[in-house]
Amino acid sequence: MQSEFVDRLLTCVDCRSQFVFTAGEQIFFLDKQFKNDPKRCKPCKAKRAALGARAGAAGAHGAARTETRTECSECHIETTVPFKPTQGRPVLCRQCFQGKRVASGNGPAALLAAAPGYKSAAPGYEMSAAADALLQPRA
Ligand SMILES: [Zn+2]
Ligand SMILES: [Zn+2]
């Protein structure tokens, strides 16, 4: 079985140098069900992995905080909300949200509280730094 795997010489798509796709690596690839041959030599792969790790970390960070830029239906400042606003539903900035919450339990804030992002997290409602800055009294 092993005999069908022989070291192969591949060309790196990044630096165009040739590198060896060893029989061992081919078995590994087969085992992982990777369909494609490696495209890059080890140094280039390492370089990309380093870049990817950084991009991945940023991506994961972004995914963890699904924020949608929108406009507060009350005071019309730009704000971000931790969920995808439903069409036609009011979206409030933190200031208006808290104001509404104090004022009435049945207003738009109640709708917001029922929105997925708010369910467990109304008190921990997260704002972007920019939106938070908007809430600071201006000097
Ligand atoms: Zn390379
Ligand atoms: Zn507002």
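Every number in this text was worked out from the coordinates using simple rules, so none of it is lab data. If you're wondering where the values come from, they're calculated on a predicted model, not measured in any experiment. Virtual Cβ from ideal backbone geometry, glycine too; neighbours counted across all protein chains shown.
Condition first: free of Cβ contacts under 8 Å to residues at least 24 places away in the same chain and assigned to a strand (DSSP E or B). Now tell me which residues in the range 69-102 satisfy that.
Hits for the range 69-102 are Arg69, Thr70, Glu71.
Which of the residues spanning the range 86-104 are surrounded by fewer than 18 Cβ atoms within 10 Å (Cβ to Cβ) and either within 24 Å of the chain's Cα centre (by Cα) or on the phi > 0 side of the Ramachandran plot (or both)?
Across the range 86-104, the qualifying residues are Thr86, Gln87, Gly88.
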